[in-house]
Every structure is written in structure tokens, then in C-alpha cells.
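Down below is the structure, laid out as C-alpha cells.
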């Protein structure tokens with residue numbers, strides 16, 4: 001069922017596509033966030049790394065540097081020491097950051113430990129190495145101490161030197177009056193006791209949660225050093241969410257378009273074929289690819305085009321044949337009327353009237369044959385199938401034919417009266433009648449009819465004669481409208497070449513076929529029509545259900 005429905009394939013394709021896009025977007029977010037997190041860590045450490053490198057550089061001797069580093073490690077409660085540059089292998093981008101007096105951050109996602117390498121401008125042999133395994137309140141409150149340690153060397157010029165180091169920080173650092181921050185009494189009391197405080201702010205804006213660090217300024221109790229606000233890392237900021245959403249919609253649109261494109265292409269082919277059909281060109285046929293609805297549409301179009309083309313050709317052939325067939329009886333009637341006008345003899349006039357009456361009857365017969373053929377040729381006739389006794393129909397036609405006193409022997413083979421098949425009685429009678437009439441015209445003495453049910457469940461009727469038969473190369477032509485294999489013989493025996501064409505169309509609408517070969521018993525032609533003995537009749541089933549209800 002799945003391969004037979006293009007819509008189910010599209011729905012399934014959309015589900016799979018959504019799943020793939022979701023996995024792709026998840027991986028993309030992880031990759032982007034990994035890079036963003038790395039940039040976030042580097043932006044937080046750049047400023048403090050510069051200040052710490054300046055603090056180390058101020059120490060005159062190696063021992064003083066070691067002591068400063070030891071004090072800083074105790075303050076941060078983090079491992080902090082000097083490492084030789086020769087022992088550290090830096091990438092090009094990391095070396096570029098060292099040269100720009102920025103920190104190199106290496107983060108291990110498994111251990112969740114970050115290592116910082118800080119270059120010392122006047123020490124070409126060592127890096128300042130910090131191992132960050134935790135970030136807490138203690139570490140955050142230590143940050144302003146390093147900044148104040150840098151500014152203490154410039155008394156009275158703190159703001160100027162703060163402006164100098166501010167470009168190294170990705171967050172604001174400034175000196176502000178204590179009372180301008182809107183702090184409560186407890187926070188002010190802690191500042192006056194020379195303690196740093198942390199201020200958390202939750203915002204509904206894109207910045208989200210921020211942290212600010214406030215530390216009292218030495219020798220100036222009315223002012224404080226304000227670091228921040230520092231935004232917390234947001235794993236899904238608005239820009240990233242919007243970008244991923246738009247990318248997802250774009251990928252889904254491309255995927256859906258890719259799923260619909262084959263159907264669109266096939267639809268355009270059908271539209272193009274229909275446009276060409278409107279111009280009168282019925283030769284174009286569509287490629288039937290697959291077993292889905294579009295393949296069924298292409299197949300239906302091909303069948304429709306073939307049927308219309310066949311109808312047009314049949315109509316043209318019918319018009320040519322009708323004009324030819326009507327010309328002879330009309331000419332005879334006109335000739336007879338002229339003879340009547342010039343003749344006074346009663347007996348002669350009576351014979352002429354009889355001939356004219358026969359020509360008129362021939363015209364009526366021809367018109368009836370044409371109407372029957374046209375009705376069967378133009379489209380599906382209204383067929384009311386019912387259970388028919390094959391022997392009954394054959395015997396009826398035999399009785400009707402014998403009443404015509406054809407001087408031919410009509411034989412019906414013994415058929416069990418219980419042998420029945422689904423058929424339209426009127427059209428089945430017409431088939432047998434036309435086949436027998438054709439056999440009577442061309443047989444020598446004997447015509448034989450038979451019928452029954454084959455082993456494969458197909459019903460059949462068979463009409464044979466002892467005439468000359470039909471050459472094998474002409475056996476398909478006999479079913480064409482107005483076809484005459486022997487024109488002079490046909491005119492002598494009567495007929496217009498429509499009888500077998502009508503039989504062929506009835507066999508088609510019965511869901512069967514008609515074929516001709518040589519009779520093994522009589523030696524002449526043997527016509528056999530085969531059709532399904534049982535078939536489902538929706539109209540009859542509905543009537544039965546209605547009667548039962």
C-alpha cells in the first residue's frame with residue numbers, strides 16, 4: 001500500500017525529514033554552543049588575565065614573583081604557578097592570543113576543568129598557569145582584589161588607569177558612588193566592613209541573568225569598584241533560537257519541495273499532454289512510472305487518449321463507410337422512382353414498388369446496424385448482467401433462424417440446461433444471432449452452435465460452419481467495421497460488414513474477447529466468444545441489499 005500511494009510517501013517523508021532536521025539542528029546547536037561557550041570563557045578571562053600578568057610583571061625577582069603567585073593561588077583557592085614555555089605546545093590561534101596579551105583557555109568537557117595560560121610580556125621563558133576546577137563566590141569576590149592591586153600603584157589616578165585596562169574586559173568596570181547603586185542597609189554595611197558583595201539581576205530581556213561584583217575602594221569609603229553586570233552564559237539566546245528556527249523551516253521547505261517535486265513534474269507532464277490534446281494531437285503518451293496515484297493518472301490519460309483516438313478514427317471510418325453504403329440503395333430508390341414516373345403498366349409499377357420497399361427496408365436495417373455499432377463504440381453501454389442459461393439463448397436463435405427458411409441445417413450441441421453465466425441477455429442474443437447469420441451466408445449446408453463453461457471459469461459460445469473458412473491473414477480484419485474480404489460475394493449474400501464489429505464490441509464490454517479459427521469438425525470458420533462466467537454487478541448488489549433491508 002505504501003508504494004502505491006504517493007501521498008503516504010510524502011507524509012512519511014515529511015516525518016523522516018522532520019526527524020533528520022531535528023537531529024541536525026540539535027547537533028548544530030551543540031557545535032555552536034561549544035564555540036560560544038569557549039568564546040564566553042575567553043571573554044571573561046581576558047581582562048583579569050591582563051591584570052594578573054601586570055601584577056606578576058611588577059615583581060622584581062623570581063622569588064617575589066613566586067610569592068605573588070602563591071598569594072594569588074591562596075586567594076583564589078586554585079592551583080596557580082609558572083610553567084616553562086618550552087613544555088607547552090600552542091596552536092597558531094593560541095599563540096596569537098598570547099601575543100595579544102589575552103588568556104588561552106583550554107576546557108575539558110569530560111572533567112569539566114579549564115586550564116588558563118597567561119603570557120608574561122617581559123618573561124619569554126614562562127607562562128602563568130591556572131587550573132580552574134571550580135567557580136564560586138570565593139573566586140568571584142577575588143577578582144576586584146586583583147584590579148585594586150593594579151590600581152593601588154596609581155593613587156589619585158584610579159579612574160584614568162581604569163580606563164586604560166577597560167578595553168581588555170568584555171564587561172563594564174567602573175568606579176561609582178556607593179549610594180548611587182540603590183543598595184540596602186545590609187549590603188552597605190558589608191561594604192563598609194571592606195567586604196565585596198555580589199548582585200544578581202534577573203532580566204526579561206535578551207541579557208537574562210547577570211552578576212555584578214561590588215568592592216569598596218581603599219581610602220575612599222564613599223566609592224566602590226563595580227564590575228559588571230556580567231551576563232550568565234545563555235545556552236539558547238534569542239538570536240540563536242531564531243536562526244535555528246529559520247534554518248529548520250528552510251530545510252523543511254527544501255525537503256518538502258524535494259518530495260513534492262516528482263509529483264509536480266508528473267502533473268506538469270499531464271497538463272502539457274492535455275494542452276496538446278486540446279490542439280487535436282492525440283499521439284502523445286505519458287510514461288507510467290511506478291504504481292502510485294500519479295502512475296494511475298498517467299495510465300488513465302493514456303487509456304483516455306487511446307480511446308478518444310480510436311473513437312475519432314472509428315467515426316471517420318464510419319462516416320466514409322456509411323456514405324458508401326447509403327449511396328447504393330439511395331441510387332436504386334431514385335432509379336425506381338424515375339421508372340415509376342415513366343411507366344403506366346400496373347404490374348411493372350407494382351414490381352418497382354416492391355423493389356423500392358426492399359431498398360427502404362435495407363436502409364432501415366443499415367441504420368439499425370449503424371446505431372447499434374455506434375452505441376457500443378462510443379462508450380460503456382448500460383449493461384444489466386443476470387444469470388443466463390446458455391442453452392436457452394442458443395436454442396432461441398436456432399428456432400428464429402430456421403423460421404427464415406434459409407435451407408441450411410442449424411445444429412445445437414447438447415448443453416446442460418444448468419449451465420449458466422452472467423450476461424446481458426439482449427446483447428448475448430445479438431452476438432449469437434450475428435454469428436449464426438454470418439455462418440448461414442457463407443456455409444455450404446451446415447451450421448453448428450455450442451457453449452458452456454471452461455475449466456478456468458470462463459463462459460463461451462461457439463458457432464461453426466462448413467464453408468470455405470477465413471484465411472489466417474484476414475482473421476483480424478473481419479472484426480473491423482464495414483470490412484469485406486470478398487466484396488462481390490458479400491454483396492450477393494447481403495450484409496454490411498457491421499455484424500462482426502458489433503460482436504467484437506459486445507465481447508469487449510462483457511470483459512471477454514472474440515476469436516476466429518478453422519473448425520476442426522466442419523472445416524469452415526469457427527467463431528468463439530469467451531467472457532467471465534461470473535462478475536460482480538454493483539447495481540444488482542445494491543438492489544439486493546435494498547430488498548433485504
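Provide the packing ranking of 437-446, 451-460, i.e. peptides ordered by the mean count of other C-beta atoms within 10 Å per residue, highest first. Provide the component values of the computation, followed by the final result.
Numbers: 437-446: 19.2, 451-460: 14.7.
Per-residue mean Cβ counts within 10 Å order the peptides as 437-446, 451-460.
For a paramagnetic label modelled on residue 36 (point 7 Å from Cα along Cα→Cβ), amide N atoms under 18 Å away belong, within the stretch 167-187, to 171. Taking the longest Cα principal axis of the chain as reference, the axis of helix 293-342 is set at about 20 degrees.
List 263, 52 from most exposed to least, where exposure is judged by having the fewest other Cβ atoms within 10 Å. Please report the intermediate quantities before stating the final value.
Details: 263 17, 52 27.
Going from sparsest to densest Cβ surroundings: 263, 52.
Each Cα pair under 8 Å and six or more residues apart adds its sequence gap; the mean of these over the residue count of the chain is a relative contact order of 9 percent. FRET efficiency for the residue 70 to residue 28 pair, using the beta carbon distance and R₀ = 56 Å, is estimated at 0.80. For residue 264 and residue 363, FRET efficiency with R0 = 60 Å and r from the beta-carbon atoms, rounded to 0.05? With R0 = 60 Å, the Cβ-Cβ based efficiency is 0.60.
Per q in 0.08 Å⁻¹, report the Debye log10 I(q)/I(0) for the stretch 383-541, using one uniform scatterer on each alpha carbon and no solvent. The Debye formula, applied to the Cα set alone, gives -0.22. If you fit an axis through the alpha-carbon atoms of helix 499-509 and take the longest principal axis of the Cα set of the chain, what angle between them do you get, 0 to 90°, nearest 10? The angle comes out at about 30 degrees. Label positions at residue 445 and residue 77, each projected 7 Å from the Cα along the C-beta direction, are separated by 13.0 nm.
Direction-averaged projected area, Cα convex hull, the stretch 136-235: 7.1 nm², rounded to one decimal. Between residue 84 and residue 353, full extension at 0.36 nm per residue minus the direct alpha carbon distance yields a gain of 83.3 nm. Each label was represented as a point 7 Å from its Cα along the Cα-to-Cβ direction; for residue 140 and residue 193 these points are 1.9 nm apart. Full extension of the segment from residue 320 to residue 278, taken as 0.36 nm per residue of separation minus the current Cα-Cα distance, would add 12.7 nm.
Between residue 99 and residue 166, what is the FRET efficiency for a Förster distance of 22 Å, r being their Cβ-Cβ separation, to the nearest 0.05? After rounding to 0.05, the efficiency reads 0.60. Dividing the Cα radius of gyration of the chain by its Kirkwood radius returns 1.50 for Rg/Rh. Extension gain, residue 332 to residue 61, is 83.5 nm, computed as 0.36 nm per intervening residue step minus the present C-alpha separation.
Listing 68, 235, 509 from the residue with the fewest other Cβ atoms within 10 Å to the one with the most, what is the order? Write out the running numbers ahead of the final one.
Values: 68 18, 235 11, 509 15.
With the fewest neighbours first, 68, 235, 509 line up as 235, 509, 68.
Model label sites at residue 249 and residue 153, defined 7 Å from Cα along the beta-carbon direction, differ in position by 5.5 nm. Helix 62-76 versus the longest principal axis of the chain: what angle, 0 to 90°, nearest 10, using Cα atoms? So the helix axis and the longest Cα principal axis differ by about 60 degrees. With neighbour counts taken as other beta-carbon atoms within 10 Å, the residues 426, 190 rank, fewest first, as 426, 190. Pairs of alpha carbons in the stretch 34-160 separated by more than 23 Å make up 30% of all such pairs.
At 222 nm, what helix-only mean residue ellipticity would the chain give, in deg cm²/dmol to the nearest 500, using -39500 (n - 2.57) for each DSSP H run of four or more?
Values: 14 runs with 290 residues, N = 549.
Mean residue ellipticity at 222 nm (helix-derived): -18500 deg cm²/dmol.
FYI, it's all coordinate maths here, none of it is from the lab. From a predicted model like this one, the values you see are computed outputs, not experimental measurements. Note: ideal-geometry Cβ built from the backbone for every residue, glycine included; neighbour counts use all protein chains shown.
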